[in-house]
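Let me begin by presenting the structure, written as structure tokens, before commenting on it.
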Amino acid sequence: MTEEQQQSRCVIYFNNQYPHLRGRLFRTENQTNKNKTSLGLIKGVSDLQFVLNDGRLVPLENKVNYTRHDVLHLERQLLWMSDIKKLSGLAFFIFSYEHFKMIIDLLVRHENTYTMLQNESDITLGYINKLKSDNYEKKTVKLNFSF
């Protein structure tokens, strides 16, 4: 499964499961090039954004487990998401459709379970940080996140 296919499944699940929240989960145009960066596009911005009831933005970076990724790109994503996490308290790397469902269901149904969500956020960002650190001299790295 590609990242696009996984992301599509995730968005369809969200829209079907929570039709009253349509528009609160949205895709970010994050394919940067020289012509678009002057329009405000930022390298490393996550694939999806979710807006909590209190207006805070939660970035959701979609990754397919067991696929290879550019280490420099992962570093950019980690830095951007870490900055947003400092502001909103949450940011997630999503590694599968089931992982997305778990995270989004917690965000929607149990927004008050904040400590649990923060722990999961710390785990996913920590995993990418360790992966990046352990493989810094490599150009690409294979994801193998277990949850």
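The values are calculated or read from the model by the stated rules, or taken from the named source; none is laboratory data. Everything numeric here is computed off the predicted structure, so don't read it as measured data. No Cβ is skipped: glycine too gets one built from the backbone with ideal geometry, and neighbour counts run over all protein chains shown.
What do you reckon, is S46 more than 17 Å from Y18 (Cβ to Cβ), at pLDDT 85 or above and assigned to a loop (DSSP other than H, G, I, E, B)? If you could, list the steps in order and put the result at the bottom.
On the way: more than 17 Å from Y18 (Cβ to Cβ): yes; at pLDDT 85 or above: yes; assigned to a loop (DSSP other than H, G, I, E, B): yes.
Spelling it out, S46 is indeed more than 17 Å from Y18 (Cβ to Cβ), at pLDDT 85 or above and assigned to a loop (DSSP other than H, G, I, E, B).
Taking only pairs six or more apart or across chains, which ones have beta-carbon atoms under 9 Å, a first residue in the stretch 82-96 that is surrounded by fewer than 17 Cβ atoms within 10 Å (Cβ to Cβ), and a second residue that is assigned to a helix (DSSP H, G or I)?
Cβ pairs passing all conditions: S82/L125; S82/N129; G89/Y114; G89/L117; G89/Q118; G89/S121.
Among (1) exposed (fewer than 15 other Cβ atoms within 10 Å of the Cβ); (2) in contact with a helix residue (DSSP H, G or I) (Cβ under 8 Å, 6 or more places away or on another chain); (3) touching a residue at least 60 places away in the same chain (Cβ under 8 Å), which single condition is K132 missing?
Against the list (1) exposed (fewer than 15 other Cβ atoms within 10 Å of the Cβ); (2) in contact with a helix residue (DSSP H, G or I) (Cβ under 8 Å, 6 or more places away or on another chain); (3) touching a residue at least 60 places away in the same chain (Cβ under 8 Å), K132 comes up short only on (1).
Step by step: first the residues of the stretch 79-129, then only those that are charged (D, E, K, R), out of contact with any helix residue (DSSP H, G or I) (no Cβ under 9 Å at 6 or more places or on another chain) and at pLDDT 85 or above, then the one that is nearest to V64 (Cα to Cα). Which residue is that?
If we take residues in the stretch 79-129 being charged (D, E, K, R), out of contact with any helix residue (DSSP H, G or I) (no Cβ under 9 Å at 6 or more places or on another chain) and at pLDDT 85 or above, then E98 is nearest to V64 (Cα to Cα).
Return the total of residues in the stretch 85-108 being under 20 Å from G23 (Cα atoms), assigned to a helix (DSSP H, G or I) and not charged (D, E, K, R).
9
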